[in-house]
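These notes concern the structure reproduced below.
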């Protein structure tokens with residue numbers, strides 16, 4: 001299991017999927033699309049200095065990533081939401097999120113690959 | 001789920017093309033009871049006799065109402081006439097969350113209840129859908145665009161036509177006993193659960209609240 005994805009949550013999702021690869025494609029595909037849009041909206045808010053809008057996008061990213069087990073990224077979102085991030089500027093927070101989100105999205109795509117072959 | 005309003009597909013009896021009720025447009029006929037235009041051939045069936053109108057849809061009566069309800073909730077237009085709620089398979093469960101991932105998981109988990117699953121992405125849309133289709137259970141996020149999930153609960157519980165709905169509020173923000181007590185006392189929620197929700201918790205939550213809805217439980221049964 002990729003370290004960016006929580007094995008316990010992934011196991012629960014596997015149990016829920018019950019061998020249905022389409023469920024995972026739907027779930028991870030939805031997360032992937034949504035994460036891209038939310039991150040773009042966080043970027044736009046950061047560029048415009050709109051902190052409330054920025055935090056709202058971070059909150060949405062946090063919830064969504066927890067549901068697919070992307071806990072490392074979710075923890076960064078939580079730190080930002082709670083004002084515990086090691087940076088204070090919105091641009092800095094955005095930078096903090098960018099790579100872990102990218103890694104999580106790649107990890108989920110990796111997890112889908114064998115399922116697509118099997119399905 | 002026996003029916004799901006968010007992705008209802010119907011076939012045009014004229015040309016056979018599948019139409020998605022979410023993207024098809026209302027016909028422009030001046031009528032309190034309009035039908036949808038087929039995307040492919042552009043024809044509607046408003047002026048046809050009943051037999052022809054029914055041929056427009058693969059599964060007529062209930063499908064018309066489902067399609068209309070969803071369309072109205074999407075456009076936030078006021079309901080021109082009440083949909084036939086009785087045609088929808090029960091239990092009707094409404095999930096309100098702006099996180100699409102939650103809807104994908106809920107669809108999977110709640111399928112076993114063999115009813116109708118409704119989806120809304122914000123509190124206002126959820127309220128309209130609930131007012132129209134009077135779900136047995138509403139599962140809503142607390143932190144929502146347009147109308148807060150707790151406020152949605154309060155509105156549903158204080159309106160005679162929706163006060164029977166069981167309401168569960170999910171939250172990742174308002175955690176702790178103080179918020180829980182406030183949600184129960186002030187916003188009349190039946191269950192208050194912390195996010196993220198596992199499939200087991202969601203399944204149990206729905207089963208418990210739907211059971212309570214069949215035989216109303218004593219006040220204060222919030223979990």
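Since every read-out is calculated from the coordinates, none of them should be taken as a lab result. Since we're looking at a predicted model, the values are computed, not measured. Counting neighbours? That spans all protein chains shown, and the Cβs are built from the backbone with ideal geometry, glycine included.
Observations
- Residue in the stretch A:50-68 that is outside any helix (DSSP H, G or I), within 11 Å of the chain's Cα centre (by Cα) and under 21 Å from residue A:10 (Cα atoms) present: yes
- Residue match in the stretch A:9-25 (condition: assigned to a helix (DSSP H, G or I), in contact with a helix residue (DSSP H, G or I) (Cβ under 7 Å, 6 or more places away or on another chain), without any contact (Cβ under 8 Å) to a residue 12 or more places away in the chain and crowded, with 19+ Cβ neighbours inside 10 Å): yes
- Qualifying position, being more than 18 Å from residue A:3 (Cβ to Cβ) and out of contact with any strand residue (DSSP E or B) (no Cβ under 6 Å at 6 or more places or on another chain), among A:57, A:70, A:74: A:57
- Index of the failed condition, residue A:85 passing every other in (1) surrounded by 12 or more Cβ atoms within 10 Å (Cβ to Cβ); (2) part of a helix (DSSP H, G or I): (2)
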